[in-house]
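Asks: One structure, as structure tokens, below. Some questions next.
Since every read-out is calculated from the coordinates, none of them should be taken as a lab result. Just so you know, these numbers come straight off a predicted model, no measurement behind them. We place every Cβ from the backbone using ideal geometry, glycine too, and count neighbours over all the protein chains shown.
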Amino acid sequence: DTAVSQTPKYLVTQMGNDKSIKCEQNLGHDTMYWYKQDSKKFLKIMFSYNNKELIINETVPNRFSPKSPDKAHLNLHINSLELGDSAVYFCASKGQYTEAFFGQGTRLTVV
Amino acid sequence: GEDVEQSLFLSVREGDSSVINCTYTDSSSTYLYWYKQEPGAGLQLLTYIFSNMDMKQDQRLTVLLNKKDKHLSLRIADTQTGDSAIYFCAETQNRDDKIIFGKGTRLHILP
């Protein structure tokens with residue numbers, strides 16, 4: 001059973017479209033995250049949620065809206081996609097006294 | 001600041017030991033991690049060390065933590081071609097569970 005799973009794995013879409021990436025964890029963790037990995041492979045935190053509450057929002061354009069329907073899910077919705085949004089997006093989860101686990105990533109390509 | 005610093009490149013001959021160094025900023029960090037990323041793949045948690053430890057060994061991997069200098073290192077013994085990847089150092093900040101990544105060290109194996 002995959003601990004942190006993201007869908008889709010690949011997403012190719014046109015500029016201006018709206019898309020969502022889903023993330024689910026089956027570890028019972030309270031905290032979930034979204035990270036963006038750019039073309040230079042640098043990893044930057046975007047958001048974190050703890051028990052469905054937004055904790056960290058790191059200067060991300062408001063076209064990006066995370067949604068946490070329950071503590072096992074953290075979805076990322078992106079409006080009006082731009083070329084610069086092309087990246088790999090990683091979801092992660094962490095328990096209060098555990099290490100962090102990452103999903104396999106979603107490669108988003110905006111054309 | 002919140003930087004985790006590591007050198008961007010390291011070249012090592014096959015069979016030698018690789019040592020990847022990292023410095024972090026938050027003295028109250030709880031977990032310190034090493035992740036491995038192969039081309040086109042996700043983030044693989046290689047190992048982690050809890051902040052009350054100073055060393056952890058797991059087969060070919062040795063992690064050393066110097067809390068006074070906020071320095072973390074990863075030693076890979078008997079480096080193999082399959083170890084060629086980007087290695088990310090990361091810390092979990094205690095106050096908000098934010099996971100901060102270094103920019104990654106690209107390990108290149110020479111024949």
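Asks: I need every pair where a residue in the range B:94-105 that is facing another protein chain (nearest Cβ under 9 Å) has its Cβ under 6 Å from the Cβ of a residue that is small (Gly, Ala, Ser), sequence separation at least 6 or different chains.
Replies: Between residues of the range B:94-105 that are facing another protein chain (nearest Cβ under 9 Å) and residues that are small (Gly, Ala, Ser), the close pairs are B:ILE99/A:ALA100; B:ILE99/B:ALA90; B:PHE101/B:ALA90.
Asks: One residue is enough: does the range B:33-42 have a residue meeting the conditions more than 11 Å from every other protein chain (Cβ to nearest Cβ) and exposed (fewer than 15 other Cβ atoms within 10 Å of the Cβ)?
Replies: For the range B:33-42, residues more than 11 Å from every other protein chain (Cβ to nearest Cβ) and exposed (fewer than 15 other Cβ atoms within 10 Å of the Cβ): present.
Asks: May I pose another question? If you scan the range A:19-55, which residues turn out to be under 25 Å from B:LYS36 (Cβ atoms) and of a type in the set (Val, Ile, Thr)?
Replies: A:ILE21, A:THR31, A:ILE45
Asks: Scan the range B:64-93 for residues that are under 11 Å from the mean Cα position of the chain (by Cα), touching a residue at least 24 places away in the same chain (Cβ under 8 Å) and over 14 Å from B:SER29 (Cβ atoms) and jot them down.
Replies: Within the range B:64-93, B:SER73, B:LEU74, B:ARG75, B:ILE76, B:ILE86, B:TYR87, B:PHE88 qualify.
Asks: Still on this structure, I have one more. If you take just the strands (runs of 3 or more DSSP E) that sit entirely in the range A:44-100, which of them hold at least 1 residues that are surrounded by fewer than 18 Cβ atoms within 10 Å (Cβ to Cβ)?
Replies: Result: A:53-57, A:64-67, A:75-78.
Asks: What's the number of the only condition in (1) touching a helix residue (DSSP H, G or I) at 6+ places or on another chain (Cβ under 7 Å); (2) over 27 Å from B:ALA85 (Cα atoms) that A:THR59 fails to meet?
Replies: (1)
Asks: Continuing with the same structure: What do you reckon, is A:LEU81 under 12 Å from the mean Cα position of the chain (by Cα) and of a type outside the set (Gly, Ala, Ser)?
Replies: Answer is no for this residue.
Asks: Does any residue of the range A:9-19 turn out to be surrounded by fewer than 19 Cβ atoms within 10 Å (Cβ to Cβ), in contact with a Leu (Cβ under 9 Å, 6 or more places away or on another chain) and among the acidic types (Asp, Glu)?
Replies: yes
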